[in-house]
Amino acid sequence: MTARIITVANLKGGVGKSNIAVNLACELGGGSRQVALVDADPQGTSTHWMSRGRYPAKIYTIPLEDERGAQRWMTKVLSIESDFVLIDCPAHSRAVTETALGLSRLAIIPLTASGPDLIATTNVLNLIETSRSIRDSNDLSFLLVPSKIDHRTGAGRRIGDVLRHLGDVVGPEVRQRTAFVDAFGERKWIGDFAPKSDARLDIVNLANAVLAKLEEIERFSEDNPAARVS
């Protein structure tokens, strides 16, 4: 089984990576799909969240702190038998993020409505371009996901204008919702904790955007055989 590998990453902390990683993995895990979530962050937020209860995705705790363990880490990730493998990357680690991107078809980049987040996001996009050049292909794509957005604030209202020029690489917003905080406290994913909530709808919309983007990448690979990863 060849998994579709998705990295959730930003070099800045506090952008809601684990919230998106856990809930997106579980949303994709509905129906007959098998989904794995790799917690590569030594802080282990995703592992803590999913350490009890039943989830439609399986958690794998495989932390990676620097490039010294990269080859062994990649071997473990590639050995996971699943339809989708999501990787929750640690913040502040270019080496770990670059390693995860090297395995991935899609990068999910959460960012909040702040100047430092936009700078950190630019750095991640540079890593994506580096990974593309190493692979000599464009079959690694990305979605910028406005995260923890509060439209009652000036920054929250402006982020759409800031990102609009980027077109279809901007995914659906995952807004600042108390339901996400409460779900984490109960160690449940949002579809279990509040299945009819606006928070759940945010994740459903994101999951649909991810599936559509992956289909786009796969069509590109089929139409451009030379762009496939060897």
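When the stretch 139-177 is examined, which residues are found to be under 20 Å from Glu129 (Cβ atoms), of a type outside the set (A, V, I, L, M) and at pLDDT 70 or above? Correct list: Asp139, Ser141, Phe142, Gly171. Only one of the listed residues (Ala183, Ala120, Ala107) is of a type in the set (A, V, I, L, M), modelled with pLDDT under 70 and out of contact with any Cys (no Cβ under 7 Å at 6 or more places or on another chain). That residue is Ala120. Within the stretch 1-33, being in contact with a Pro (Cβ under 7 Å, 6 or more places away or on another chain) and part of a helix (DSSP H, G or I) holds for Lys17, Ile20, Cys26.
Evaluated against (1) among the acidic types (Asp, Glu); (2) touching a strand residue (DSSP E or B) at 6+ places or on another chain (Cβ under 8 Å); (3) closer than 26 Å to Pro146 by Cβ, Asp83 falls short on exactly one condition, (3).
For the stretch 34-107, the helices (runs of 4 or more DSSP H) that sit wholly inside it and include 1 or more residues that are surrounded by 24 or more Cβ atoms within 10 Å (Cβ to Cβ) and within 17 Å of the chain's Cα centre (by Cα) are 45-49, 94-101. Mind checking which pairs have a first residue in the stretch 193-214 that is closer than 16 Å to Gln176 by Cβ and a second that is assigned to a helix (DSSP H, G or I) and of a type in the set (S, T, N, Q), Cβ under 9 Å, 6 or more apart or different chains? Going by the 9 Å Cβ cut-off, the qualifying pairs are Ala199/Asn23; Ala199/Thr178; Arg200/Asn23; Asp202/Asn23; Ile203/Asn23; Leu206/Asn23.
The values are calculated or read from the model by the stated rules, or taken from the named source; none is laboratory data. The structure presented is a predicted model; accordingly, all values stated were derived computationally and were not measured. Positions of Cβ are backbone-derived with ideal geometry, glycine not excepted, and every protein chain shown enters the neighbour counts.
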